[in-house]
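Engineer: To start, I am sharing the structure in question, which I have written as structure tokens.
The values are calculated or read from the model by the stated rules, or taken from the named source; none is laboratory data. This is a predicted model, so every value here is computed, not measured. Backbone-built Cβ (ideal geometry, glycine too); neighbour counts: all protein chains shown. Side chains are part of the model used for accessible areas, which takes the heavy atoms of the whole protein and leaves out ligands, DNA and RNA. Shrake-Rupley method; radii C 1.70, N 1.55, O 1.52, S 1.80 Å.
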Amino acid sequence: MFCVGTLTGVSPALHDYPVYGGQAVRYLVGAVLLFAVAQAFGKGPVRLTRREVFFLVALALTGLTAFNVLIVESTRFADPATVGTVVAAVPIVLALLGPVMERRKPAPRVLTASVVVVAGVVVTSGFGGGSPLGLLLALGALACEAGFSLLALPVLGRLGAIRVSAYSAAIAVPQLVVVGLVLDGPHLVRVPTTSEALALGYLAVVVTVFAFLCWYTSLPKLGADRAGLFSGFLPVGAVVSTVVLGTGQPRLADLVGACLVLVGLAIGLRPARVREVSSPRRR
């Protein structure tokens with residue numbers, strides 16, 4: 001999640017590049033690399049069931065394609081701060097729905113922790129302004145962000161993190177190409193400049209390959225509710241990347257928000273570790 005947050009510091013290099021074509025290129029390169037990693041670790045392609053195909057297509061459509069579309073379009077009608085604040089509520093959504101999909105009750109302490117994490121993100125992002133349409137699009141992006149995790153849970157058990165990452169990235173490519181052709185027409189892609197190529201490479205290698213593998217490896221181990229708490233590191237990654245790249249300086253609100261995120265993580269993760277240790281003894 002920290003790595004995903006760093007895309008904010010890299011994105012300015014792509015301001016003049018076609019949005020949806022750039023995302024398609026990013027996921028195409030990421031998918032090629034992920035399939036290479038899968039082959040190297042003996043996790044090559046397998047025969048997918050209809051159920052797995054459904055969840056993978058839905059995952060790519062919501063968590064990758066629709067999420068990017070809604071984020072871009074929502075910022076046309078609402079301030080980026082407003083959009084970011086709405087999407088930052090994903091820990092609460094995962095804390096409520098994650099346990100339901102795993103057939104257990106939501107943990108009150110994790111719910112409390114998610115509220116603290118969201119508060120930290122809100123402090124960091126701040127509130128902006130915008131129209132009702134912008135807010136509606138941001139809520140759609142929030143639902144898609146939750147789908148990125150919840151729709152992966154049913155297939156991670158058999159396919160594993162590498163295959164789910166590779167399949168979802170590959171499926172998102174034609175989806176984004178279609179969106180790009182509709183919205184951008186023939187100007188879907190072009191030869192990138194050096195800085196644009198470096199930015200696309202970073203998005204493909206770090207924000208797609210590395211971050212996807214980390215997330216989908218941790219998701220079944222932590223559960224969607226506790227894993228969702230770590231989305232609080234998105235703004236932390238954004239702040240650090242802007243400082244490193246020289247595109248911004250941290251404010252007091254950034255530091256206070258980061259501290260609240262850490263407090264939320266401490267609340268949400270500590271009791272979970274205790275349960276994991278004691279559970280085998282009860283059995």
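Engineer: Taking interchain pairs and intrachain pairs at least six residues apart, which have beta carbon atoms under 9 angstrom, with the first residue in region 34-47 and open to solvent by less than 80 Å² (accessible area, probe 1.4 Å) and the second in a loop (DSSP other than H, G, I, E, B) and basic (K, R)?
Structural biologist: Pairs that qualify, where the first residue is open to solvent by less than 80 Å² (accessible area, probe 1.4 Å) and the partner is in a loop (DSSP other than H, G, I, E, B) and basic (K, R), are V37/K43.
Engineer: Looking at P192, P235, which is the one that is at pLDDT below 95 and more than 21 Å from F67 (Cβ to Cβ)? Steps first, please.
Structural biologist: Values: P235 fails: more than 21 Å from F67 (Cβ to Cβ).
Answer to the check: P192.
Engineer: Which of (1) within 17 Å of the chain's Cα centre (by Cα); (2) open to solvent by 30 Å² or more (accessible area, probe 1.4 Å); (3) within 21 Å of L234 (Cα to Cα) does I162 not meet, given it meets every other one?
Structural biologist: So the condition that I162 fails would be (3).
Engineer: Among the residues that make up region 105-115, is at least one of them in contact with an Asp or Glu (Cβ under 7 Å, 6 or more places away or on another chain) and either open to solvent by 20 Å² or more (accessible area, probe 1.4 Å) or not in a helix (DSSP H, G or I) (or both)?
Structural biologist: Yes: region 105-115 contains one or more residues that are in contact with an Asp or Glu (Cβ under 7 Å, 6 or more places away or on another chain) and either open to solvent by 20 Å² or more (accessible area, probe 1.4 Å) or not in a helix (DSSP H, G or I) (or both).
Engineer: Quick check on my filter: what residues within region 249-265 are touching a residue at least 40 places away in the same chain (Cβ under 8 Å) and either open to solvent by less than 60 Å² (accessible area, probe 1.4 Å) or not in a helix (DSSP H, G or I) (or both)?
Structural biologist: Correct list: A253, D254, G257, A258, L260, V261, G264, L265.
Engineer: Can you name the condition, by its number, that G130 falls short on among (1) buried (at least 16 other Cβ atoms within 10 Å of the Cβ); (2) at pLDDT below 85; (3) at negative phi?
Structural biologist: (3)
Engineer: Quick check on region 177-184. Is at least one of its residues more than 25 Å from F55 (Cβ to Cβ), assigned to a loop (DSSP other than H, G, I, E, B) and open to solvent by 30 Å² or more (accessible area, probe 1.4 Å)?
Structural biologist: no
Engineer: Condition test on V86, is it open to solvent by 10 Å² or more (accessible area, probe 1.4 Å) and closer than 27 Å to Y167 by Cα? Talk me through it step by step, then tell me what you get.
Structural biologist: Details: open to solvent by 10 Å² or more (accessible area, probe 1.4 Å): yes; closer than 27 Å to Y167 by Cα: no.
So V86 fails the test.
Engineer: Which one of these is in a helix (DSSP H, G or I) and modelled with pLDDT of 85 or more: V93, V100?
Structural biologist: Working: V100 fails: modelled with pLDDT of 85 or more.
That would be V93, the only listed residue that is in a helix (DSSP H, G or I) and modelled with pLDDT of 85 or more.
Engineer: Which residues, taken from region 16-33, are open to solvent by 70 Å² or more (accessible area, probe 1.4 Å) and more than 20 Å from the chain's Cα centre (by Cα)?
Structural biologist: Of everything in region 16-33, just one residue is open to solvent by 70 Å² or more (accessible area, probe 1.4 Å) and more than 20 Å from the chain's Cα centre (by Cα), namely D16.
Engineer: Among what's in region 57-89 and is in contact with a Ser or Thr (Cβ under 6 Å, 6 or more places away or on another chain) and at pLDDT 85 or above, pick the residue that is nearest to I171 (Cα to Cα). Break it down into steps so the answer makes sense when it comes.
Structural biologist: Here is the first cut: in region 57-89, the residues in contact with a Ser or Thr (Cβ under 6 Å, 6 or more places away or on another chain) are 59-60, 77, 81, 83-85.
If we keep only those that are at pLDDT 85 or above too, we end up with 59-60.
Numbers: L59: 9, A60: 6 Å.
Of everything passing the filter in region 57-89, A60 is nearest to I171 (Cα to Cα).
Engineer: List the pairs whose first member sits in region 163-186 and is touching a residue at least 40 places away in the same chain (Cβ under 8 Å), whose second member is open to solvent by 10 Å² or more (accessible area, probe 1.4 Å) and charged (D, E, K, R), and whose Cβ atoms are under 6 Å apart, counting only residues at least 6 apart or on separate chains?
Structural biologist: Qualifying pairs under 6 Å: R163/K43.
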